[in-house]
């Protein structure tokens, strides 16, 4: 048995909500990925520690940014990140995990069944067709593409939080023209470094300014 629980206990912040539930649930999730990887290349795991850091710690680091959100949409959840770890931490928030690749969607469904996670559901419907208070995405698409995909959601008042690498300024600059068309604001709201020099993360928030009263 791979000791995922030991590594998760070492790397996860002490002040994380529902920390014990996350350690237990995430260890099961990672073990299921290892099992499925024998037949289907779901995601690359080189060691228990790297999996704990890159998949779980990275997913939950921005948990404070979700204060007050009732419904969160994880666009392109893949093997269930960041949606499943966040759902374990934020037990009062409802999560919809969108994944259009059927094999991955079926895997995530099996994980949710195993974890008996009441506040998360999987759908193979395209993320841009769904509604939520917050849309999250890790490695989904460049920011200009995200703006085009989720333009209707942004205009309806949805907030988007994107997990990006350290050099996001170029993407933000490339998206500036598209952002102006829909009155979108792009702000870096969090930066953090992963342990063991496993990378730096930038969280970009995208919102649309409310239209003034009487404007068309």
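The values are calculated or read from the model by the stated rules, or taken from the named source; none is laboratory data. All values reported here derive from a predicted model rather than from experimental measurement. Every residue, glycine as well, gets a Cβ built from its backbone with ideal geometry; the counts of neighbours run over all protein chains shown.
Observations
- Looking only at the stretch 35-67, and only at residues there that are buried (at least 17 other Cβ atoms within 10 Å of the Cβ) and under 17 Å from residue 112 (Cα atoms), the one that is farthest from the chain's Cα centre (by Cα): 36
- Residue in the stretch 127-134 that is farther than 28 Å from residue 45 by Cα, more than 13 Å from the chain's Cα centre (by Cα) and assigned to a helix (DSSP H, G or I) present: yes
- One residue from 142, 152 being surrounded by fewer than 20 Cβ atoms within 10 Å (Cβ to Cβ), touching a helix residue (DSSP H, G or I) at 6+ places or on another chain (Cβ under 6 Å) and more than 23 Å from residue 32 (Cβ to Cβ): 142
- A search for C-beta distances below 9 Å between a residue of the stretch 144-170 that is at positive phi and any residue that is assigned to a strand (DSSP E or B) and surrounded by 13 or more Cβ atoms within 10 Å (Cβ to Cβ), counting only pairs 6+ apart in sequence or on different chains, returns 157/207; 157/208.
- Qualifying positions in the stretch 97-123 - part of a loop (DSSP other than H, G, I, E, B), over 29 Å from residue 185 (Cα atoms) and either touching a residue at least 24 places away in the same chain (Cβ under 8 Å) or touching a helix residue (DSSP H, G or I) at 6+ places or on another chain (Cβ under 7 Å) (or both): 117, 119
- Just one of the numbered conditions (1) within 29 Å of residue 7 (Cβ to Cβ); (2) modelled with pLDDT under 95 is not true of residue 162: (2).
- Filter result for the condition that a residue is at pLDDT 95 or above, within 21 Å of residue 65 (Cβ to Cβ) and outside any strand (DSSP E or B), over 206, 172: 172
- Hey, residue 53 out of contact with any strand residue (DSSP E or B) (no Cβ under 7 Å at 6 or more places or on another chain) and modelled with pLDDT of 95 or more or not: yes
- Members of the stretch 87-96 that are crowded, with 24+ Cβ neighbours inside 10 Å and part of a helix (DSSP H, G or I): 87, 88
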